[in-house]
1. Got at least one residue in segment B:91-109 being touching a strand residue (DSSP E or B) at 6+ places or on another chain (Cβ under 8 Å) and part of a loop (DSSP other than H, G, I, E, B)?
2. Tally time: how many residues in segment A:9-39 are assigned to a loop (DSSP other than H, G, I, E, B), touching a residue at least 40 places away in the same chain (Cβ under 8 Å) and farther than 19 Å from residue A:66 by Cα?
3. Could you tell me whether segment B:153-167 includes any residue that is within 25 Å of residue B:44 (Cα to Cα), in contact with a Cys (Cβ under 9 Å, 6 or more places away or on another chain) and assigned to a strand (DSSP E or B)?
4. Among the residues of segment B:183-204, is there at least one that is surrounded by fewer than 16 Cβ atoms within 10 Å (Cβ to Cβ) and within 17 Å of residue B:18 (Cβ to Cβ)?
5. Only one of (1) on the phi < 0 side of the Ramachandran plot; (2) out of contact with any helix residue (DSSP H, G or I) (no Cβ under 7 Å at 6 or more places or on another chain); (3) within 14 Å of another protein chain (Cβ to nearest Cβ) is not met by residue B:126, so which one is it?
6. Counting only residues that are of a type in the set (S, T, N, Q) and either under 14 Å from residue B:163 (Cβ atoms) or assigned to a loop (DSSP other than H, G, I, E, B) (or both), how many does segment B:186-217 have?
7. Could you grab me the full set of residues in segment B:9-33 that are in a loop (DSSP other than H, G, I, E, B) and free of Cβ contacts under 8 Å to residues at least 40 places away in the same chain?
Amino acid sequence: MEMINLDYPAEETVPRRVHVGVVGSGELEVLLEPSNDGQAHVSIRTSVDGYGSIWKNVLDRFFSRYKGAAAIEINDFGATPGIVALRLQQAVEESQS
Amino acid sequence: MSTAVPDLERFLTRRSFIELSARDRAEALLDAGSYHELLGPFDRLHSPWLPMQGIVPQEDDGVIVARGRIDGQPAVVAAIESAFQGGSIGEVAGAKIACALELARQDHEQGIPTRPVLLLETGGVRLQEANLGLAVIAEIQAAIVALRRHVPVVAVIAGMVGCFGGMSLAAALCSHLIVTRQARLGMNGPEVIEQEAGLEELDASDRRLIWSLIGGEQRHAVGLADTLVEDDADAIAESVRDAFRRGLPNQHRSEQVKLFLERLAAIDPSKPLDGKALRALWGKGAKA
């Protein structure tokens, strides 16, 4: 198990907190809520060690479009980058609906 | 063929209960708009024991507890998420179920007729949490027995994990057990039996054989489950409402000691026994 923390600048407020996903095989859960300092913070706990640079790529790309000041917590059980991106997108959509 | 068309239509329009997450299952059983989750993921009550062993936890520890209404009456649903650690019962997961049942009992003592529902989809105790998981399963069992004096405790086993280990005993203590054909109910899972007793005893890969022994249809046919229902969220919700309308049984299954001792005595362990033969022996059911 490995912990990864990433921070990003933000411009918009997050309307409400949301939870999506499940810590099942090849899956992850995402907890997204408003951060308290106007910046975005991502805290990842993953079952697969040694993929820190791939996590950074996925989150860099995500935050190139998303500007929410979100505190995001991820519990990952071996999800592929595609699944991670979809779950993040789902969390954002649900937080805005 | 004339009946095939409406059946097909129903099959295509139904909403599979098995395919729902535990959270969506709980919501499907409660009256529309009444769902309110307690100790959800943002309360971050995850297992303290899993990260110590290098295992990623889930923030609700795989159990969703929700309050709401069933048929307009106050209700509480505890649903196990089978995708997380096989629905295994760790200390936190089990304590959430036991507390929900305890609080429901306190409600009844104060005149609030809270209806309890358990959605059991579990391999039993979480081995990483060992005795803490076993202890909390005992608490769940004690809480079911204490609560069923006041109100039927209704359990649903929908599949596809099924309900095994200590939690199969918890299922057996419930007042009313609802199963689908896809459900399984047993003490030891087939893989465990094959591993311990050998392939000659049980071939765990033979799905037809496994379901003929411990599948929902068989368990219903021999009187160990009360309602057999299709994998349809609306049909299962209606079965749950119906179970509460029926009220408490005259005698709970686990109180029918004489009946079950006679049933066991009727079995000759020196001869092979398959699902069909057990139905012939026990087929009349054991309902009060």
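1. No, segment B:91-109 has no match at all.
2. Number satisfying all stated conditions: 4.
3. no
4. Looking through segment B:183-204, none of the residues is surrounded by fewer than 16 Cβ atoms within 10 Å (Cβ to Cβ) and within 17 Å of residue B:18 (Cβ to Cβ).
5. (2)
6. Residues meeting the conditions: 2.
7. Residues satisfying the conditions are B:19, B:32, B:33.
Conditions (1) under 20 Å from the mean Cα position of the chain (by Cα); (2) within 14 Å of chain A (Cβ to nearest Cβ); (3) basic (Lys, Arg), marked per residue:
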{"site": "B:11", "(1), (2), (3)": "no, no, no"}
{"site": "B:16", "(1), (2), (3)": "yes, no, no"}
{"site": "B:42", "(1), (2), (3)": "no, yes, no"}
{"site": "B:46", "(1), (2), (3)": "no, yes, no"}
{"site": "B:71", "(1), (2), (3)": "no, no, no"}
{"site": "B:79", "(1), (2), (3)": "yes, yes, no"}
{"site": "B:91", "(1), (2), (3)": "yes, no, no"}
{"site": "B:98", "(1), (2), (3)": "yes, no, no"}
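The values are calculated or read from the model by the stated rules, or taken from the named source; none is laboratory data. All of these numbers come straight from a predicted model, not from anything done at the bench. All Cβ positions, even for glycine, are placed from backbone atoms using ideal geometry, and neighbour counts span all protein chains on display.
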